[in-house]
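Beneath this line is the structure, given in structure tokens, with notes to follow.
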Amino acid sequence: EDQVTQSPEALRLQEGESSSLNCSYTVSGLRGLFWYRQDPGKGPEFLFTLYSAGEEKEKERLKATLTKKESFLHITAPKPEDSATYLCAVQGGGGSNYKLTFGKGTLLTVNP
Amino acid sequence: DSGVTQTPKHLITATGQRVTLRCSPRSGDLSVYWYQQSLDQGLQFLIQYYNGEERAKGNILERFSAQQFPDLHSELNLSSLELGDSALYFCASSPGGGLKQETQYFGPGTRLLVL
């Protein structure tokens, strides 16, 4: 069974203070690892897809990296508007089942 | 805006009742997924449809059922509702073309409160 563990559960940063969020996973045949951002009461917003170890993707102040066992979401010089819950999910297995298995998320708060 | 729409946005009902949640996928997407999000369980996969056919099932209760119609919209039916069914229900869609990865785009969700 696919499993995703995210740490820390919550992270509080000062504006401009860079940090990283961790996503550890076990999956049978990784198809893709996905990062989403979720604001309170809203649907998850797609950020990145990674599918091979060593891959990196960047978007504004965010950079996602992938190894065979974990992924990191690096946040450089965060701003208050980056405050949200960041969700990691894996898509594994074969066949036609494309379900996502999510971690419980990291709640990021960026103080001005 | 992801392009996925869900109605209604909020739903308040009583135990034992039945409700229907509706989802319209992004234009061109053939696959629809339903997820439940509760405070203690996080986002849990319920069921996937591809072009009208059920493709995969997750932790979906027997009281819950879904279908995807010829115009590709989907409905999730929840019956004999219990207090514990109160949660956010999300629909997501993806192209479904058999690619190696299928990025899913989520709708805004339906917040269900069972009293």
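The values are calculated or read from the model by the stated rules, or taken from the named source; none is laboratory data. Note that the coordinates shown come from a computational prediction; the quantities given were computed from them, not determined experimentally. Here the Cβ is made from the backbone with ideal geometry for all residues, glycine too, and neighbour counts use every protein chain on show.
Could you go through segment B:57-72 and let me know if any residue there is surrounded by 14 or more Cβ atoms within 10 Å (Cβ to Cβ), closer than 14 Å to residue A:97 by Cα and facing chain A (nearest Cβ under 9 Å). Scanning segment B:57-72 turns up at least one residue that is surrounded by 14 or more Cβ atoms within 10 Å (Cβ to Cβ), closer than 14 Å to residue A:97 by Cα and facing chain A (nearest Cβ under 9 Å). Looking only at residues in segment B:73-111 that are over 23 Å from residue A:39 (Cβ atoms), charged (D, E, K, R) and modelled with pLDDT of 95 or more, the one that is surrounded by the most Cβ atoms within 10 Å (Cβ to Cβ) is B:85.
In segment B:1-22, how many are away from chain A (no Cβ under 11 Å) and either surrounded by 20 or more Cβ atoms within 10 Å (Cβ to Cβ) or among the basic types (Lys, Arg) (or both)? Within segment B:1-22, residues that are away from chain A (no Cβ under 11 Å) and either surrounded by 20 or more Cβ atoms within 10 Å (Cβ to Cβ) or among the basic types (Lys, Arg) (or both) number 3.
Could you list, in sequence order, all residues of segment B:32-60 that are of a type outside the set (Phe, Trp, Tyr) and farther than 26 Å from residue A:40 by Cα?
Just the residues of segment B:32-60 that are of a type outside the set (Phe, Trp, Tyr), to begin with: B:32, B:36-44, B:46-48, B:51-60.
Answer for segment B:32-60, where residues must be of a type outside the set (Phe, Trp, Tyr) and farther than 26 Å from residue A:40 by Cα: B:51, B:52, B:53, B:54, B:55, B:56, B:57.
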